[in-house]
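Accompanying notes for the structure given below.
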Amino acid sequence: MDKNEYLDLYYQMVLIRLVEEESAQLYQQGKIGGFLHLYIGQEAVSTGLISARQPQDRVITAYRDHGVAINCGISAKQVLAELLGKATGISKGKGGSMHLADVNKNFWGGHAIVGAHLPLAAGLALGDLYKKTDGVTICMFGDGATNIGYFHEAVNLSKVWNLPVLWVCENNQYGMGTAVERASAVSEIRQKADGYGIPNSRVDGMDILAVRKASEEAIAAVRNGSGPYFLEIITYRFRGHSMGDPERYRRSDEVKKWQENDPIGIFHRYLIEQKIASEADLSEIDARVEKEVQEAVQFAENSPEPAPEALFENIYVDN
Ligand SMILES: Cc1ncc(C[n+]2csc(CCOP(=O)(O)OP(=O)(O)O)c2C)c(N)n1
Ligand SMILES: [Mg+2]
């Protein structure tokens, strides 16, 4: 990677962090309806993973989707406007936090039902196999999703049909208030892939370069026709499951310990220590992101609500 590529990864992670911090404030001001699940702490996962994809590779995820959308090229403006339910949002203000999507950027959403997008990912991958493209479907989901029936059905079928899909489990240690060891029969989630004969590995999700390298290798293997691959990425959500979570299920010293391993801080130190970037380079990015996010908030707040007629639009696909 050249210097600009390193700096771009840093930029994307800081952008996600600030968009999420702003979202939390907007939520507390009552400007965002419904649930809001923040990605703070997990930025290195999607930034490293999606930096390894080619444009023909599809990305699909669950409801913790703001960061994933940004990594797929959706702007902070379009994300924040969507969170505020505005017509200028990426889903025209009708999807909200859990339903960001832009098929033109090969980002297939944001899905609210735990595990339900895994069969969709299998279907997308089947489409690519059928049409003989060399696209890989990258399907991201949480540790909790791996205890759901849909997970097992989709993962099994992916091996039976040798689908070009990369299964990516973001193991952030909890599904709502339930710790992994209380809900999963195996502590290493990747072991579930063994049951379906799918090659798998586990990587530190606080180290963006480790995520990127593992993702590049996994995507290349899938693209080369060897069938599905399963990557477990170890991470932690620094905030509650969603806004308003009293977090009675975990100790504050546990949260603090993980926060000392902040993926942005780790990468910042690495860039300085390796003399890839200077403090001035990184401060310039921090300032640029701050400005970009403030402009995005203004844009979202000043944008119009969807018109009443919009209720009847985007119901059916026009062919
Ligand atoms: C089928 C279904 N069951 C239950 C829920 C309620 N629910 C929402 S998020 C969640 C936890 C999922 O945890 P995980 O997959 O680890 O994702 P994370 O929130 O940690 O990113 C649950 C049980 C749901 N949305 N869908
Ligand atoms: Mg989880």
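The values are calculated or read from the model by the stated rules, or taken from the named source; none is laboratory data. What you see is a predicted model; the values in this text were computed from it and never measured. Every residue, glycine among them, receives a Cβ derived from its backbone with ideal geometry; neighbour counts consider all protein chains shown.
Laid out as a table, the results:
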read-out: Selected residue (only one of 155, 114 is among the β-branched types (Val, Ile, Thr), farther than 30 Å from residue 298 by Cβ and in a loop (DSSP other than H, G, I, E, B)); value: 114
read-out: In segment 135-151, the residues that are assigned to a strand (DSSP E or B) and either in contact with a Phe, Trp or Tyr (Cβ under 7 Å, 6 or more places away or on another chain) or among the aromatic types (Phe, Trp, Tyr) (or both); value: 139, 141
read-out: Qualifying residue in segment 134-150 (condition: farther than 30 Å from residue 259 by Cβ and either at pLDDT below 95 or within 15 Å of ligand 1 (Cβ to nearest atom) (or both)); value: yes
read-out: Options 181, 153: the member that is in contact with a helix residue (DSSP H, G or I) (Cβ under 8 Å, 6 or more places away or on another chain), surrounded by fewer than 23 Cβ atoms within 10 Å (Cβ to Cβ) and farther than 21 Å from residue 106 by Cβ; value: 153
read-out: Looking only at segment 51-79, and only at residues there that are β-branched (Val, Ile, Thr) and surrounded by 24 or more Cβ atoms within 10 Å (Cβ to Cβ), the one that is nearest to the chain's Cα centre (by Cα); value: 68
read-out: Neighbours by Cβ (under 7 Å, 6+ apart or cross-chain): first from segment 212-226, within 15 Å of residue 125 (Cα to Cα); second modelled with pLDDT under 95 and of a type in the set (Gly, Ala, Ser); value: none
read-out: Residue that is nearest to residue 215 (Cα to Cα), among those in segment 228-248 that are within 13 Å of ligand 2 (Cβ to nearest atom) and of a type in the set (A, V, I, L, M); value: 233
read-out: Options 56, 12; residue that is among the polar types (S, T, N, Q) and either in contact with a helix residue (DSSP H, G or I) (Cβ under 7 Å, 6 or more places away or on another chain) or free of Cβ contacts under 8 Å to residues at least 24 places away in the same chain (or both); value: 12
read-out: Segment 175-201, subset of a type in the set (D, E, K, R) and more than 13 Å from ligand 2 (Cβ to nearest atom), residue farthest from residue 251 (Cα to Cα); value: 194
read-out: Condition met for residue 312 (aromatic (Phe, Trp, Tyr) and either in contact (Cβ under 8 Å) with a residue 12 or more places away in the chain or in contact with a strand residue (DSSP E or B) (Cβ under 9 Å, 6 or more places away or on another chain) (or both)); value: no
read-out: Verdict on residue 115 being within 13 Å of ligand 2 (Cβ to nearest atom), at pLDDT 95 or above and farther than 19 Å from residue 236 by Cβ; value: yes
read-out: From the options 190, 212, residue that is more than 17 Å from the chain's Cα centre (by Cα) and not hydroxyl-bearing (Ser, Thr, Tyr); value: 190
read-out: Hits in segment 158-174 - residues which are in contact with a strand residue (DSSP E or B) (Cβ under 7 Å, 6 or more places away or on another chain), more than 13 Å from ligand 2 (Cβ to nearest atom) and either over 28 Å from residue 238 (Cα atoms) or not in a strand (DSSP E or B) (or both); value: 158, 164, 165
